[in-house]
Amino acid sequence: MERITWDTPLAAFPGVGPARQRALAKLGLERAGDLLTFYPRRYEDRTRSYSIAQAPVGEPVCVEAMVAQPPRLSRIRRGLDLVKTRAVDDAGALELTFFNQSYLQKTLRQGESYVFYGKIDLVGGRRAMTNPVFEPVGRQKFTGRIMPRYHLSQGLTNHLLITLAQAAVEQCADGLAETLPQAVLDAQGLPGAAEACRQVHFPTSWEALEAARSRLAFEELFYLTVGLSLLRKRREGGRGLPLNEGDGKDFQALLPFPLTGAQRRVVDECARDLCAGPPMNRLVQGDVGSGKTAIAAFCLWRAAKNGAQGAMMAPTELLAQQHYQTLKALLEPAHIAVALLTASQTAAEKKRVKTALLTGDVQVVVGTHALLSQGVDFRNLALAVVDEQHRFGVNQRSALAAKGVHPHLLVLSATPIPRTLALILYGDLDVSVLDELPPGRRPVETYLVTERYHQRLYRFMDKLIDEGRQVYVVCPAVEEAEAEEGDPTLKAVEQYAQHLAQEVFPHRRVGFVHGKMKARDKEAVMAAFAAGEVQVLVSTTVIEVGVDVPNAALMVVENADRFGLSQLHQLRGRVGRGKHQSYCVLVSNHTNPETRARLKALCATTDGFRIAEEDLKARGPGDFFGQRQHGLPQLHLADLSADMRLLAAAQRAAQDLLARDPYLQKPEHQPMWERVRQLFQENPDIFN
Ligand code: ADP
Ligand code: MG
């Protein structure tokens, strides 16, 4: 075949017909260049060759041996033939069988030594291998080294991908542009782009592989940081509307409670941001119940006080309604008009609100993502607030902001995130932390029990309901089908709700919600629970996001081991919002000591940040970073729990670079700018 370049279509490679071409395209592989960044999923150690007698049975190994008999071909039936032979070394014999590879009768030669790579089985006391990969000793391409395992799709073999990748890497890796500054590579002791590419596919040693992986992970983190910094700069380039009027004391006078010390501090931070200068760009992180709504209320009040408008977006209708009620009660006495905008309103209602936003008759609007729809325009939007930030993506955040001209931005999040991760996820935001709960809250008492305690637990539930309280019961699965997979104790929402309603609490009202229900039905059940009409609410984690039902005093989590600690902590935050002593009961039959220790840790602390750190250690950053909702580019190689040191280094390097060339305008930085754009290409609008 001709020389391969970056752009050579894979169809031009030997062995790639139309069917394989389609299968490769499914993996995003169309041109030779695509193979270079198609990183192996894992690696096989084919460095060591065993003698037949010493090779471990049952796992893939390399064995060096000589073919001792002429291979025999036998046709079993149409479409099935076998080639059989025997290989030997000093002390052992290995039976070899190949299916449907009749040509091997000629290729495998008696008296010749090969390295066979495959799994050894014991067949009638003899050692045997079926369909091994093999190569003549001394001319090895696939054995005697560490080999990659690639992600495959139907119709592809790892062997094919290795062949393709070998050709592409041999001929294209040297052409890879080096986009990291040499000084950075030297300082970090990282290999160059071409070397890293060769080593990540076909490592010459485990150390070289680790160095290559570090380089590529560093590169991802570096460009992520550069991109986020550019985003932030762009926002700082504009001027926010100065919202100078409005004294904290006057705001306090509107509230039914004194602000906590932490709330006062964060209100001050926001007040400073809202004055003349670049628009506010702030994330307020605070545990559930820490009083984030009051911070939003302050900023919205400030916008209205200065003759401008503010909008607050919440992830669910019910939450939007709740905020609407709260803000209306708070702000209307100050002669500020508050409106609600959600998808379920009638066309006439929506029209009325939209008109009032355009004329400026309404100063504060609360809504769901309905706020983002076309035709929702403001007279003078100076502030955008996004509640429960983790439910929205970066692009939704900016879509709301785009409704104004450089509006101030406030995002609220109840998901405590370890600081290092926050730097990445929210690298473009300033962060305030509400680290104090309003006074008089009694911490939720948390217990870990096994399934044996169910009867006692039910009696406890009954007693609380007698006292007028309500109970949440969270299950990990929606349907029994999911539940059947191996674990007979796994609880599914619908079935468990039915069981509780019919057999345990026939005298109570039991409702259920889960993510597969229609939004309208879901909202109806949640509303009934909020109104106290339903006493036991069985659900999946859909209730994780914030409706305030102060009367709910018990959270039961079934199969608690199925959840991350941070998630359990979020769930626990659904109770303990009123004046009643509240409880959280984690039910788990898991006996693994690590799991039990993890759950015990949750019983011992209510500090969301500490829990998040524990979670990060135990489960990696998947829970924080795994979901795509946040709208940031996906990382392929960087592992945020393991690569913290690398992250810090990448962030320093990115800062250095931007200090010298703040907008990457220098010609020599053009390739970097291209990389950043590429990395963020799933959200092209965030750079507009
Ligand atoms: P978050 O959104 O942070 O989870 P909320 O803003 O919903 O918390 O507040 C939780 C509850 O605490 C609400 O009922 C609210 O009225 C109340 N609250 C907020 N701040 C204070 C305070 N400083 N003192 C007393 N209660 C407060
Ligand atoms: Mg809230």
Item to check | Checklist (1) basic (Lys, Arg); (2) within 18 Å of Glu317 (Cβ to Cβ); (3) surrounded by fewer than 22 Cβ atoms within 10 Å (Cβ to Cβ) applied to Arg562, failing item | outcome: (2)
Item to check | Positions within the range 50-66 being in a strand (DSSP E or B) and out of contact with any Phe, Trp or Tyr (no Cβ under 7 Å at 6 or more places or on another chain), in sequence order | outcome: Tyr50, Glu64, Met66
Item to check | Selected residue (only one of Met517, Met526 is within 16 Å of ligand 2 (Cβ to nearest atom) and over 23 Å from Cys603 (Cβ atoms)) | outcome: Met526
Checklist entry - Do any residues in the range 291-320 that are away from ligand 2 (no atom under 16 Å from the Cβ) have Cβ atoms under 8 Å from those of residues that are of a type in the set (Asp, Glu), where the two are at least six apart or on different chains, and which pairs are they? => result Arg302/Glu245; Lys305/Glu245; Asn306/Glu245
Checklist entry - Can you find a residue in the range 250-262 that is within 30 Å of the chain's Cα centre (by Cα) and surrounded by fewer than 22 Cβ atoms within 10 Å (Cβ to Cβ)? => result yes
Next on the checklist: Return the residues of the range 295-313 that are near ligand 1 (Cβ under 10 Å from one of its atoms) and touching a Ser or Thr at 6+ places or on another chain (Cβ under 9 Å); say none if nothing qualifies.
Outcome noted: Ile295, Ala297
Checklist entry - Hey, among the residues in the range 546-572 that are part of a loop (DSSP other than H, G, I, E, B) and in contact with a strand residue (DSSP E or B) (Cβ under 8 Å, 6 or more places away or on another chain), which one's nearest to ligand 2 (Cβ to nearest atom)? => result Val549
Next on the checklist: So if I check each of Gly578, Gly564, Gly546, which one is closer than 20 Å to Gly608 by Cα, over 30 Å from the mean Cα position of the chain (by Cα) and modelled with pLDDT under 85?
Outcome noted: Gly578
Next on the checklist: Looking at the structure I just gave you, is Arg508 within 16 Å of ligand 2 (Cβ to nearest atom) and either at pLDDT 95 or above or not hydroxyl-bearing (Ser, Thr, Tyr) (or both)?
Outcome noted: no
Checklist outcome for this item: Residue pairs within 6 Å by beta carbon, gap of at least six or interchain, first lying in the range 451-473 and more than 12 Å from Val556 (Cα to Cα), second among the hydrophobic types (A, V, I, L, M, F, W, C), listed first then second, are Leu464/Ala553; Leu464/Leu554; Arg469/Ala553
Next on the checklist: Return the residues of the range 321-347 that are away from ligand 2 (no atom under 16 Å from the Cβ), out of contact with any Asp or Glu (no Cβ under 7 Å at 6 or more places or on another chain) and among the hydroxyl-bearing types (Ser, Thr, Tyr); say none if nothing qualifies.
Outcome noted: Thr346
Checklist entry - Filtering the range 198-248 down to residues that are farther than 30 Å from Arg397 by Cβ and aromatic (Phe, Trp, Tyr), which residue is surrounded by the most Cβ atoms within 10 Å (Cβ to Cβ)? => result Phe202
Item to check | Verdict on Ile52 being surrounded by fewer than 11 Cβ atoms within 10 Å (Cβ to Cβ) and of a type in the set (A, V, I, L, M, F, W, C) | outcome: no
Item to check | Subset of the range 346-381 (residues that are free of Cβ contacts under 8 Å to residues at least 24 places away in the same chain and of a type in the set (S, T, N, Q)) | outcome: Thr346, Thr355, Thr359, Ser373, Gln374
Checklist entry - Just checking, how many residues over the range 598-613 are part of a helix (DSSP H, G or I) and more than 24 Å from the chain's Cα centre (by Cα)? => result 3
Next on the checklist: If I ask for residues that are surrounded by fewer than 17 Cβ atoms within 10 Å (Cβ to Cβ) and part of a loop (DSSP other than H, G, I, E, B), which ones from the range 156-190 would you list?
Outcome noted: Thr157, Ala177, Glu178, Gly189
Checklist entry - If the Cβ limit is 7 Å and pairs must be 6+ apart or interchain, which residue in the range 118-138 that is closer than 17 Å to Ala55 by Cα pairs with which residue that is modelled with pLDDT under 90 and of a type in the set (A, V, I, L, M, F, W, C)? => result Gly118/Val133; Val133/Phe142
Next on the checklist: Can you say whether Val534 is in contact with a helix residue (DSSP H, G or I) (Cβ under 8 Å, 6 or more places away or on another chain), in a loop (DSSP other than H, G, I, E, B) and closer than 16 Å to Gln321 by Cβ, as far as the supplied structure shows?
Outcome noted: no
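Conditions (1) surrounded by 20 or more Cβ atoms within 10 Å (Cβ to Cβ); (2) within 26 Å of Glu445 (Cβ to Cβ); (3) of a type in the set (Gly, Ala, Ser); (4) in contact (Cβ under 8 Å) with a residue 60 or more places away in the chain, marked per residue:
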position: Val493; (1), (2), (3), (4): yes, yes, no, no
position: Gln502; (1), (2), (3), (4): no, no, no, no
position: Phe505; (1), (2), (3), (4): no, yes, no, no
position: Arg509; (1), (2), (3), (4): no, yes, no, no
position: Ala519; (1), (2), (3), (4): no, no, yes, yes
position: Ala524; (1), (2), (3), (4): no, no, yes, no
position: Ala530; (1), (2), (3), (4): yes, yes, yes, yes
position: Val534; (1), (2), (3), (4): yes, yes, no, yes
position: Val538; (1), (2), (3), (4): yes, yes, no, yes
Next on the checklist: Considering only residues that are within 16 Å of ligand 1 (Cβ to nearest atom) and polar (S, T, N, Q), which ones fall in the range 532-563?
Outcome noted: Asn551
Next on the checklist: I need the full set of residues from the range 142-155 which are buried (at least 17 other Cβ atoms within 10 Å of the Cβ) and at pLDDT below 90, in order please.
Outcome noted: Phe142, Thr143, Gly144, Arg145
Item to check | For Gln69: the one exception among (1) assigned to a helix (DSSP H, G or I); (2) out of contact with any helix residue (DSSP H, G or I) (no Cβ under 6 Å at 6 or more places or on another chain); (3) free of Cβ contacts under 8 Å to residues at least 60 places away in the same chain | outcome: (1)
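The values are calculated or read from the model by the stated rules, or taken from the named source; none is laboratory data. Please read all numbers here as calculations on a predicted model, not as lab measurements. Every residue, glycine among them, receives a Cβ derived from its backbone with ideal geometry; neighbour counts consider all protein chains shown.
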